[in-house]
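Notes for the one structure printed next.
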Amino acid sequence: MSDVLIEKKAKSRRTILIVAMVCFAPFILARLMYYYWQPSGRVNYGDLISGVMMPKDSAPLLDGKSFDFNKLYGKWVYVTVDSAQCDAYCENKLWKIRQVRKTQGKYPERMERVWLISDDAPVRASLLKEYDGMWMARVKAGPLLSIFPVETQLRDGIYLVDPLGNIVLRYPKDADPTRMKKDITRLLSVSRIG
């Protein structure tokens with residue numbers, strides 16, 4: 001009789017142990033994964049930037065009128081900074097942000113493009129014609145240029161500003177426009193503003 005009782009107690013203990021393992025296993029696995037296994041993938045292509053808001057400073061447009069980022073409130077804005085001389089690399093950046101905007105189908109009106117020109121040189125007429133509709137403002141070294149988080153050089157980046165005026169993404173030098181398009185498409189689909 002005692003052998004049967006011992007066997008029942010052992011079976012009962014095994015059952016309790018199995019139930020306890022099933023209950024605690026998710027917590028233990030979650031803790032191990034949190035501390036020892038970090039996924040390398042991320043959804044966005046651009047580098048996330050937090051806490052950088054565009055200043056209220058104004059800058060002259062090429063036609064002499066005043067420009068500030070308040071005019072673009074409620075829009076997603078691609079910003080690039082470069083010289084008016086605009087070499088092949090500069091032209092490639094301008095082309096990328098224009099093409100990404102064009103690929104948005106029913107959403108292009110939710111996006112704007114800004115080229116902050118960092119010198120006083122004249123802009124070629126061919127560029128003015130090709131990138132008609134892009135905001136082109138002259139800026140000098142100062143608060144407006146100093147707020148951009150730079151990886152290597154200021155001219156290397158393309159920046160995405162959200163509808164509230166915050167810089168949210170920085171794209172690397174020679175950014176892939178297809179991956180940029182995926183970022184903005186995702187943002188436009190979930191954004192309630194802009």
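A short reminder: the numbers here are calculations on the coordinates, not readings from a lab. All values derive from a computational prediction rather than experimental measurement. Cβ atoms come from the backbone with ideal geometry, glycine included; neighbour counts cover every protein chain shown.
Applying 0.36 nm per residue to the separation of LYS173 and ALA125 and subtracting their alpha-carbon distance, the gain on full extension is 14.7 nm. For the stretch 1-41, the Cα-based Rg and Dmax, in that order, read 17.6, 60 Å. By the rule of a second cysteine Cβ within less than 4.7 angstrom, the chain holds isolated cysteines at CYS23. In the stretch 47-190, Cα pairs under 8 Å separated by at least six residues give a relative contact order of 35 percent. Normalising the Debye intensity of the chain to I(0), with uniform scatterers on Cα atoms only, and taking log10 at q = 0.19 Å⁻¹ returns -1.34.
Legend: ranking of residues CYS86, CYS23 from fewest to most surrounding C-beta atoms inside 10 Å; resulting order CYS23, CYS86. Under 5 Å between amide hydrogens, built in the peptide plane, is the criterion, and for GLU112 it picks out TRP76, VAL77, TYR78 among residues at least 5 positions away or on other chains. Listed by chain and number, the lysines whose alpha-carbon sits under 29 Å from that of LYS181, ignoring those within fewer than 8 places in the same chain, are LYS56, LYS71, LYS75, LYS93, LYS96, LYS102, LYS106, LYS129, LYS173.
Per 0.36 nm of contour for each residue apart, how much would the distance between SER66 and ARG13 grow if the chain were fully extended, relative to their Cα-Cα spacing?
Gain on stretching SER66 to ARG13: 11.1 nm.
Phi-derived couplings, Karplus 6.51 cos²θ - 1.76 cosθ + 1.60 at θ = phi - 60°, listed residue by residue for the stretch 151-156: 8, 10, 10, 4, 6, 6 Hz, with x used for Gly and Pro. Over the stretch 144-194, all Cα pairs binned in 5 Å intervals from 0 give whole-percent P(r) values of 4, 18, 28, 22, 17, 9, 1, listed from short to long. Dimensions of the stretch 1-92 based on its C-alpha atoms, expressed as ranges along the principal axes with the largest first, amount to 103, 30, 17 Å.
With the cut-off at 17 Å, report for the stretch 47-154 the share of all Cα pairs above it, as a whole percent. Pairs farther apart than 17 Å: 55 percent. Charge dipole of the chain (Cα centre as origin; +1 on each Lys and Arg Cβ, -1 on each Asp and Glu Cβ, all else neutral): 1060 debye, rounded to the nearest 20.
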